[in-house]
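Student: To start, I am sharing the structure in question, which I have written as structure tokens.
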Ligand code: ADP
Ligand code: MG
């Protein structure tokens with residue numbers, strides 16, 4: 001059941017999360033909470049550790065130290081498929097669609113391996129309703145090779161939704177869209193927000209951050225340098241320095 005968009009109690013907790021790749025500290029002692037029904041942004045210059053943070057929440061990468069907890073489940077120690085079961089759904093910065101499967105099969109796969117699992121006819125009906133939800137009803141019977149880039153992104157979004165995640169991770173889901181597609185994409189994420197979904201959004205498009213996020217954290221060189229409403233965070237002198245320094 002979906003709720004209206006009113007952030008509730010925290011459900012996801014990152015505590016002192018660090019990720020090292022050899023000598024590189026990609027994420028350095030980062031802590032923040034995400035509330036139920038909240039859209040939380042993660043922003044920062046290229047290479048600052050945003051995707052690494054998302055990958056640790058999804059379980060694709062293991063934290064070197066620190067903890068990540070979702071509704072009482074310890075995501076830091078879980079296996080990747082368990083993170084999905086516990087309620088993490090995601091899209092990838094670089095689209096990852098299963099090319100040998102049809103559009104609807106790609107989405108069904110998300111339901112089979114997701115938080116609330118479905119099989120057979122029920123999974124198929126749910127997948128079709130989600131394809132309709134993301135604006136892809138015309139592609140239900142098609143193969144994935146015929147899809148445009150934005151439509152591939154829609155398939156990924158529908159696949160993530162098919163598992164009915166407690167928290168949805170969107171890593172630069174809007175990247176690579178042209179201006180009119182961007183408008184459609186922002187509206188689509190806004191509609192997920194209005195449904196009361198809990199979302200973590202990594203995004204370079206500042207209009208999207210401003211219009212979609214309740215709060216955001218800013219990371220630079222792996223460390224959190226600011227947290228607050230988009231307006232608060234983006235007017236922080238250290239954040240402005242980080243962005244100007246990057247440019
Ligand atoms: P962002 O998403 O903010 O652009 P990333 O989290 O992808 O940044 O990367 C943060 C840092 O970690 C970068 O210096 C990147 O080169 C490095 N990095 C990311 N993934 C790996 C990996 N698998 N192995 C080694 N270094 C990595
Ligand atoms: Mg990234």
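FYI, it's all coordinate maths here, none of it is from the lab. Small disclaimer: the values here were computed from a predicted structure and weren't measured. Cβ sites come from the backbone with ideal geometry, for glycine too, and all protein chains shown count toward neighbours.
Student: What tally of residues in region 55-87 results from selecting those that are within 16 Å of ligand 2 (Cβ to nearest atom) and either free of Cβ contacts under 8 Å to residues at least 12 places away in the same chain or part of a helix (DSSP H, G or I) (or both)?
Tutor: First, pick out the residues of region 55-87 that are within 16 Å of ligand 2 (Cβ to nearest atom): 55-58, 60-61.
Going one step further and asking which of them are either free of Cβ contacts under 8 Å to residues at least 12 places away in the same chain or part of a helix (DSSP H, G or I) (or both), we end up with 55-58.
Residues flagged as within 16 Å of ligand 2 (Cβ to nearest atom) and either free of Cβ contacts under 8 Å to residues at least 12 places away in the same chain or part of a helix (DSSP H, G or I) (or both) within region 55-87 amount to 4.
Student: Would you check which residues across region 20-54 are within 12 Å of ligand 1 (Cβ to nearest atom), without any contact (Cβ under 8 Å) to a residue 60 or more places away in the chain and assigned to a strand (DSSP E or B) and list them?
Tutor: Within region 20-54, 20, 21, 24 qualify.
Student: Given the criteria surrounded by 19 or more Cβ atoms within 10 Å (Cβ to Cβ) and either touching a residue at least 60 places away in the same chain (Cβ under 8 Å) or more than 18 Å from the chain's Cα centre (by Cα) (or both), does residue 119 qualify?
Tutor: Against the criterion (surrounded by 19 or more Cβ atoms within 10 Å (Cβ to Cβ) and either touching a residue at least 60 places away in the same chain (Cβ under 8 Å) or more than 18 Å from the chain's Cα centre (by Cα) (or both)), residue 119 does not qualify.
Student: If you don't mind, another one. Answer yes or no as to whether residue 170 is within 15 Å of ligand 1 (Cβ to nearest atom), closer than 30 Å to residue 121 by Cβ and surrounded by 22 or more Cβ atoms within 10 Å (Cβ to Cβ). Spell out the reasoning first.
Tutor: Working: within 15 Å of ligand 1 (Cβ to nearest atom): yes; closer than 30 Å to residue 121 by Cβ: yes; surrounded by 22 or more Cβ atoms within 10 Å (Cβ to Cβ): yes.
Taking the combined requirement at face value, the residue satisfies it.
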